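Each remark here refers to the structure printed beneath this line.
The values are calculated or read from the model by the stated rules, or taken from the named source; none is laboratory data. These numbers were taken from a predicted model, which means no experiment stands behind them. Every residue, glycine among them, receives a Cβ derived from its backbone with ideal geometry; neighbour counts consider all protein chains shown. Heads up: the accessible areas ignore ligands, DNA and RNA and are worked out on the full protein's heavy atoms, side chains in. Shrake-Rupley method; radii C 1.70, N 1.55, O 1.52, S 1.80 Å.
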Amino acid sequence: MQYQYLFKNVTVVDGSGGPEYRADVAVQGDRIAAIAPAINAQAEVVIDGTGRVLSPGFIDVHTHDDTNVIRIPEMLPKISQGVTTVIVGNCGISAAGAMIGDRVPDPMNLLGEKEHFVYPTVEAYRQKVAEVCPAVNVATLVGHTMLRNNQMADLYQAASPQEIKGMRAQLRAALQQGALGLSTGLAYATAFAAPTEEVMALAEELAAEQGIYTTHLRSEFEPILEAMDEAFRIGRHGKVPVVISHHKCAGAKNWGRTRETLKLFDQVRQSQDVSCDCYPYSASSSTLDMKQITDEFAINITWSEPHPEMAGKSLQEIAQLWQTDIHSAGKRLMPAGAIYYNMDEQDVRRVLSYPVTMVGSDGLPNDPMPHPRLWGAFPRVLGYYCREQGLFPLTVAVHKMSGMSAARYQLPQRGLIKEGYFADLVLFDADTVKDSATFSQPQQPAEGIEAVWVNGVKSYEQQAVTGQRAGRFICRQGK
Ligand code: ZN
Ligand code: CU
């Protein structure tokens, strides 16, 4: 038997959360072919794994890479972190299925320009991904705001029964074509007018297809418990699992309240399948939202359509430059992007270490001054939170980035180092792995990620892409 790759004497952290072990691991074609204490066989490439960790490639469960996987298929911000699969279509916005009229509504503009929305069905999107073959695997959710924008003339009201019917039909088709489930972004003005019943009607389609419901809550500020309750009710109605996206307690008045939100999780988990994802930073980022402008914490502008020269400056600075207050300055900058320093570090730690929390970057790939989570989320969990802060053992960190995520999102034969599973693998140095991206220099590949394989193809090595790409579109289990 001749293998393509043979890792000798490597420390396997297999993604299951179970103990690590020393082994030889062989790759044949796109699969993990053998795992044993010693494999004495021929291989095209033998890799000495002594002192190195081999883990499943990381699954970024929360991304906005929808059009980037097609336009910039090298996907350096992700593959350089050891990410081998991205889930797109989060926060109510997906490129898959979108039909754009005159203009791209907020926050769909995070995904790209009007000309990038050219996939009216999940099937069309899947075909394009297959044709381009990005460096990472791609799976998609269906965005509620996207469905609204397809069916409704006015997004600032509840959908009519006719419009709901249209949304349901499109969602059903998308799920049949392999989409993972439905995402909402109820906090955004373009979805905020949707009553709970509107989303519940869509959740009925999820039930039939066993999809998942993920949500950027209606509020991450003071009414967060009510917003969580709404999400859980929608899940119960559809009899489907619920994922709370980028779980946080935002706003100074809300700091410390993850004690309450996680207690609510504890209670609800006894009778319902609920979980969350989280990025390892205490600052958030999105489009600039007038409602979130405050002097309680710092806000940095990352882009502005009318004033691109202000990218990288704080809202305070800009207001001073213009000799006005932060609210008027905000108005003049719109449409714009922002980083909000709106979380408490202790809350971040509590959420990240919570047993059912997965890691998702929520990186914004089209931002000229992106939040560093785009390039740093995964190595930051491994380096800063796991090794330096001792928040959890390495086996738990890797589980939150691979095995837990694949199981939750029904990604078949991914997320574990197991014979017969796809050879999505990352080789790293647990002693040096570290995020390099900072708020002032956000576009930097991580340290310590030595090589990355996607479907058995070595795609990243020594801080650079190899030029070989092997990512695939992943359909929900059973599709
Ligand atoms: Zn979001
Ligand atoms: Cu998001």
Quiz item: What are the pairs, 6+ residues apart or on separate chains, where a residue within segment 372-383 that is among the aromatic types (Phe, Trp, Tyr) has its Cβ under 8 Å from a residue that is assigned to a helix (DSSP H, G or I)?
Solution: 375/77; 378/401
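Taking into account only those residues within segment 202-216 that are in a strand (DSSP E or B) and away from ligand 1 (no atom under 13 Å from the Cβ), which is surrounded by the fewest Cβ atoms within 10 Å (Cβ to Cβ)?
Applying the filter and picking the extreme gives 212.
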Quiz item: Of the numbered conditions (1) crowded, with 18+ Cβ neighbours inside 10 Å; (2) within 16 Å of ligand 1 (Cβ to nearest atom), residue 330 satisfies every one except a single condition; which is it?
Solution: (2)
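If you check 271, 219, which single one turns out to be within 16 Å of ligand 1 (Cβ to nearest atom) and either in a strand (DSSP E or B) or open to solvent by 10 Å² or more (accessible area, probe 1.4 Å) (or both)?
The conditions single out 219.
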Self-check item: Top-ranked residue of segment 110-136 - restricted to ones that are within 23 Å of residue 367 (Cα to Cα) and free of Cβ contacts under 8 Å to residues at least 24 places away in the same chain, ranked as most open to solvent (accessible area, probe 1.4 Å)
Solution: 115
Practice problem: Please enumerate the residues belonging to segment 194-208 that are within 10 Å of residue 238 (Cβ to Cβ) and either without any contact (Cβ under 8 Å) to a residue 40 or more places away in the chain or touching a Ser or Thr at 6+ places or on another chain (Cβ under 8 Å) (or both). | Solution: 199, 200, 201, 203, 204, 205, 206, 207, 208
Practice problem: From (1) in a loop (DSSP other than H, G, I, E, B); (2) open to solvent by 10 Å² or more (accessible area, probe 1.4 Å), pick out the condition that doesn't hold for residue 286. | Solution: (1)
Quiz item: Right, residue 127: polar (S, T, N, Q) and in a helix (DSSP H, G or I) or not?
Solution: yes
Quiz item: Which one of these is of a type in the set (Gly, Ala, Ser), within 16 Å of ligand 2 (Cβ to nearest atom) and out of contact with any His (no Cβ under 6 Å at 6 or more places or on another chain): 94, 80?
Solution: 94
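A quick yes/no check of all residues on (1) within 18 Å of residue 90 (Cα to Cα); (2) free of Cβ contacts under 8 Å to residues at least 40 places away in the same chain; (3) out of contact with any Phe, Trp or Tyr (no Cβ under 8 Å at 6 or more places or on another chain):
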| site | (1), (2), (3) |
| --- | --- |
| 212 | yes, no, no |
| 217 | yes, yes, yes |
| 224 | no, yes, yes |
| 234 | yes, yes, no |
| 262 | no, no, no |
| 265 | no, no, no |
| 276 | yes, no, no |
| 279 | yes, no, yes |
Exercise. Might you check whether a residue that is out of contact with any Pro (no Cβ under 8 Å at 6 or more places or on another chain), closer than 28 Å to residue 292 by Cβ and among the acidic types (Asp, Glu) occurs anywhere in segment 201-218?
Key: no
Exercise. Scan (1) more than 16 Å from ligand 1 (Cβ to nearest atom); (2) on the phi < 0 side of the Ramachandran plot; (3) in a loop (DSSP other than H, G, I, E, B); (4) not hydroxyl-bearing (Ser, Thr, Tyr) for the single condition residue 65 breaks and write down its number.
Key: (1)
Practice problem: Can you tell me which residue within segment 188-201, out of those that are away from ligand 2 (no atom under 16 Å from the Cβ) and not in a helix (DSSP H, G or I), is farthest from residue 285 (Cα to Cα)? | Solution: 195
Exercise. Determine the pairs where a residue that is closer than 16 Å to residue 370 by Cβ and within 16 Å of ligand 1 (Cβ to nearest atom), located within segment 75-97, has a partner that is of a type in the set (Phe, Trp, Tyr) and open to solvent by 10 Å² or more (accessible area, probe 1.4 Å) with Cβ atoms under 9 Å apart, the partner being 6 or more residues away or on another chain.
Key: 91/188
Exercise. Return the total of residues in segment 435-475 being touching a strand residue (DSSP E or B) at 6+ places or on another chain (Cβ under 7 Å), under 27 Å from residue 131 (Cβ atoms) and of a type in the set (A, V, I, L, M, F, W, C).
Key: 8
Practice problem: Please list, ordered by first then second residue, the pairs with beta carbon atoms under 6 Å, 6 or more apart or interchain, first in segment 162-188 and within 16 Å of ligand 1 (Cβ to nearest atom), second open to solvent by 40 Å² or more (accessible area, probe 1.4 Å). | Solution: 186/218; 187/218
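Could you list, in sequence order, all residues of segment 243-267 that are more than 16 Å from ligand 2 (Cβ to nearest atom) and either under 18 Å from the mean Cα position of the chain (by Cα) or open to solvent by less than 70 Å² (accessible area, probe 1.4 Å) (or both)?
Those that are more than 16 Å from ligand 2 (Cβ to nearest atom) and either under 18 Å from the mean Cα position of the chain (by Cα) or open to solvent by less than 70 Å² (accessible area, probe 1.4 Å) (or both): 249, 251, 252, 254, 256, 257, 258, 261, 262, 264, 265.
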Quiz prompt | Subset of segment 397-435 [under 18 Å from residue 51 (Cβ atoms), open to solvent by 10 Å² or more (accessible area, probe 1.4 Å) and touching a helix residue (DSSP H, G or I) at 6+ places or on another chain (Cβ under 7 Å)] | solution = 430, 434
Exercise. Determine which single condition residue 294 fails, assuming it passes every other condition in (1) away from ligand 1 (no atom under 16 Å from the Cβ); (2) under 26 Å from residue 376 (Cα atoms); (3) outside the structural domain of residue 401 (by TED's automatic domain parsing); (4) of a type outside the set (A, V, I, L, M).
Key: (2)
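Yes/no matrix, rows are residues, columns are (1) buried (at least 24 other Cβ atoms within 10 Å of the Cβ); (2) in a helix (DSSP H, G or I); (3) not hydroxyl-bearing (Ser, Thr, Tyr):
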| position | (1), (2), (3) |
| --- | --- |
| 138 | yes, no, yes |
| 145 | yes, yes, no |
| 157 | no, no, yes |
| 172 | no, yes, yes |
